[in-house]
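Written out below as structure tokens is the structure these notes cover.
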Amino acid sequence: MRKVVVTGMGCVSGLGANKTTTWDSLVAGKSAICPMSVSPEGQRELSFTGPAAPAVADALHNLAARYDEKQLNVDLFSNFAAAATLEALEDAGLWRDEAKLSDAAIIYGSASGGNAATEAGYLRLFFSRLANVHPMTIPRLMASAGASHLSMLFGIRGHCLAISSACASSAHAIGEAMHFIRSGRSSIVITGGSDASLTFGSLQGWKALQAMAPDMCRPFSIDRKGMVLGEGAATLVLEEEEHALKRGAHIYAEVAGAGSTSDAGHLTQPNAERAAAAIKDALGDAQLEEDEPVLISAHGTGTRLNDRSEASAFRLAYPSSLSKHVVIATKSAHGHMLGATGAMEFVIAILALTKKVAPPVLGFLGPDPECDLPLALEPTKLNCHAAVSASFAFGGLNSVLIAKTPNSG
């Protein structure tokens, strides 16, 4: 079977405009979550006020320095994708390599597409009482706009696929990219996900679910009160191992396995047994034994129901060895980035393996007996060669990825 490796990574979020500043913020225990007030344009009497994790101010600076305003005249979620992808391509030594990128593929995720474009259209129709919307409304809001933007901006002319599976979107995209390379359909796939959901309408929608925390995200903690939305993107360059070695690329990790299941149950209530099945499928695909120590990057939204269910899933997947592992939950730092979150957490897990340090879970007030997990509550030294990254989305859509350090078997 063809091995799939990671040769480039990039990300933008509230923690930083690249993976270096993101990692430094994480290990320093910094959180991007802060008070935020959002109103529709021209409608100050309407507002959302609460915690969120907006992207850093310079998130698009590197992108804007290389491309002109006309090329970047798209929704914010598409430009987040482009900023993360530019870093990943530069990291992999592929930016402006026309020959290789022309044959490369894109498999990219987004949960909700162009929220800003959607909201701008509604404002024109329902508040300004205009008879039409901007002619680029549909091209900007469609969930595939980000993938198309990457194709056009970077000259990637192979297979191009957008995946939307709520907050498992980018994890599913990475898993499918792995299988795409394994099958021999491409030697390079650009994959990951992006979302920009900190708009008035989106935030009000999440607030209506009564799943939002009033202060911060506290995964697996006693007295946790809910999730906090973030925004941004994360991109990985996946490559067939021999192809990467032949061109002298740096290899961060092997994408060694993926597992996915669906609950076939409830739109918002998770199923621990089906989540555990996805973990077991990924372990089997990666040929990783249940008792081999790993870093576990948990979905960890900070809601009472989801954290309890996820903790139960880990106990089912690791019935006798859970204490051997180290669990992180980085939404406590970068917020819930929705369609970008699976890719963001996979990038962080790979960086943690590379640097042999687990970043701390933030906001922890004390143990919850129903969420008894071996959490990293401070920067924790790692002595393992694999990471398990879990994404358990609304609609019962479960995706689990496994990374291994190079030459770890």
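Here are a few things to note about the model shown:
- Among residues of the range 265-284, those that are within 14 Å of Ala390 (Cβ to Cβ) and of a type in the set (Val, Ile, Thr), counted: 1
- Checked against (1) of a type in the set (A, V, I, L, M, F, W, C); (2) open to solvent by 40 Å² or more (accessible area, probe 1.4 Å); (3) in contact (Cβ under 8 Å) with a residue 60 or more places away in the chain, Leu377 passes all but a single condition, namely (3).
- Checking Ala211 against (1) surrounded by fewer than 18 Cβ atoms within 10 Å (Cβ to Cβ); (2) under 27 Å from Leu141 (Cβ atoms), the condition it does not meet: (1)
- For the range 228-259, a residue qualifies if it is open to solvent by 10 Å² or more (accessible area, probe 1.4 Å) and either touching a strand residue (DSSP E or B) at 6+ places or on another chain (Cβ under 8 Å) or part of a strand (DSSP E or B) (or both), and the qualifying residues are Glu231, Glu240, Glu241, His243, Ala249, His250, Ile251, Tyr252, Glu254, Ala258.
- Summed over the range 301-324, the residues that are of a type in the set (Phe, Trp, Tyr) and assigned to a helix (DSSP H, G or I) give a count of 1.
- Residue in the range 306-315 that is within 24 Å of Thr405 (Cα to Cα) and either buried (at least 19 other Cβ atoms within 10 Å of the Cβ) or modelled with pLDDT of 95 or more (or both) present: yes
- Scanning the range 287-305 for residues that are surrounded by fewer than 23 Cβ atoms within 10 Å (Cβ to Cβ) and either in contact with a His (Cβ under 9 Å, 6 or more places away or on another chain) or not charged (D, E, K, R) (or both) turns up Gln287, Leu288, Glu292, Pro293, Leu305.
- Failed criterion for Ser262 (all others in (1) in the same structural domain as Asp91 (by TED's automatic domain parsing); (2) within 28 Å of Gly302 (Cα to Cα) hold): (1)
- In the range 78-130, of all residues being of a type outside the set (Gly, Ala, Ser) and closer than 20 Å to Ala166 by Cα, the one that is surrounded by the most Cβ atoms within 10 Å (Cβ to Cβ) corresponds to Tyr108.
- Number of the condition not met by Ala57 [criteria: (1) aliphatic (A, V, I, L, M); (2) farther than 30 Å from Ala253 by Cβ; (3) in contact with a strand residue (DSSP E or B) (Cβ under 8 Å, 6 or more places away or on another chain)]: (3)
- Restricted to strands (runs of 3 or more DSSP E) entirely inside the range 325-409, those with at least 1 residues that are basic (Lys, Arg) and within 28 Å of Ile163 (Cβ to Cβ) are 397-404.
Per-residue answers, yes or no, for (1) closer than 24 Å to His299 by Cα; (2) assigned by TED's automatic domain parsing to the domain that holds Gly42; (3) of a type in the set (Ser, Thr, Tyr):
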position: Met136; (1), (2), (3): no, yes, no
position: Leu153; (1), (2), (3): no, yes, no
position: Cys167; (1), (2), (3): yes, yes, no
position: Glu176; (1), (2), (3): yes, yes, no
position: His179; (1), (2), (3): yes, yes, no
position: Ser183; (1), (2), (3): no, yes, yes
position: Gly201; (1), (2), (3): no, yes, no
position: Trp206; (1), (2), (3): yes, yes, no
position: Leu209; (1), (2), (3): yes, yes, no
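The values are calculated or read from the model by the stated rules, or taken from the named source; none is laboratory data. The shown structure was predicted, so the numbers you read here are calculated from the model rather than taken from an experiment. Quick reminder, even Gly has a Cβ in these numbers, built from the backbone with ideal geometry, and neighbours come from all protein chains shown. Areas reflect the complete protein model, heavy atoms only, side chains present, ligands, DNA and RNA absent. Shrake-Rupley method; radii C 1.70, N 1.55, O 1.52, S 1.80 Å.
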